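The values are calculated or read from the model by the stated rules, or taken from the named source; none is laboratory data. What you are looking at is a predicted structure, and each value in this text was computed from that prediction instead of being measured. Cβ coordinates were reconstructed from backbone atoms using ideal geometry, including for glycine residues, and neighbour counts include every protein chain displayed.
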Amino acid sequence: MVLLIADQGTPDVITLDAASESMKRFSDKFQRSYNFIYFMTDGQSGSGSIQEVLKKHKRDMVITGIGLAKASNTISKTWGKNAVAVPDVSKLSEAFIRKIEDQIDQTFD
């Protein structure tokens, strides 16, 4: 597990693409890897297209967007089925674990 922190106004698109590229390079070392990226956002994403990054990496990994607070209102529009809306940040753990369980069931059944 790797934690990237973009706290200097870095656009989500740049951070997500960098994380995805890093994951791809690392996982290429293994014969059969399952790659999941969980990307938390406050909705202040800057310029660029998240959908282009998702399309670019969808064959190699599952990328999930977690919309916190106000971003929970629009997260599903951007991230589709791999969106987790968390309007109340105190419920983050519960929502996050539920999504991970669903993805594990879908991947390994």
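Descriptive notes on the structure:
- When V86 is tested against the conditions (1) farther than 15 Å from G43 by Cβ; (2) modelled with pLDDT of 90 or more, the lone failure is (1).
- Flag if K81 is outside any loop (DSSP other than H, G, I, E, B), farther than 16 Å from V13 by Cβ, modelled with pLDDT of 90 or more and of a type in the set (K, R): no
- Given (1) part of a helix (DSSP H, G or I); (2) aliphatic (A, V, I, L, M); (3) over 21 Å from R25 (Cα atoms), number of the condition V53 does not satisfy: (3)
- Subset of the stretch 62-73 (residues that are surrounded by 16 or more Cβ atoms within 10 Å (Cβ to Cβ) and not in a strand (DSSP E or B)): A71, S72
- Answer residue from the stretch 84-109, given it is in contact with a strand residue (DSSP E or B) (Cβ under 7 Å, 6 or more places away or on another chain) and part of a helix (DSSP H, G or I) and is nearest to A69 (Cα to Cα) among those: V89
- Annotation: of all residues in the stretch 1-21 being part of a loop (DSSP other than H, G, I, E, B) and among the small types (G, A, S), the one that is modelled with the highest pLDDT is G9.
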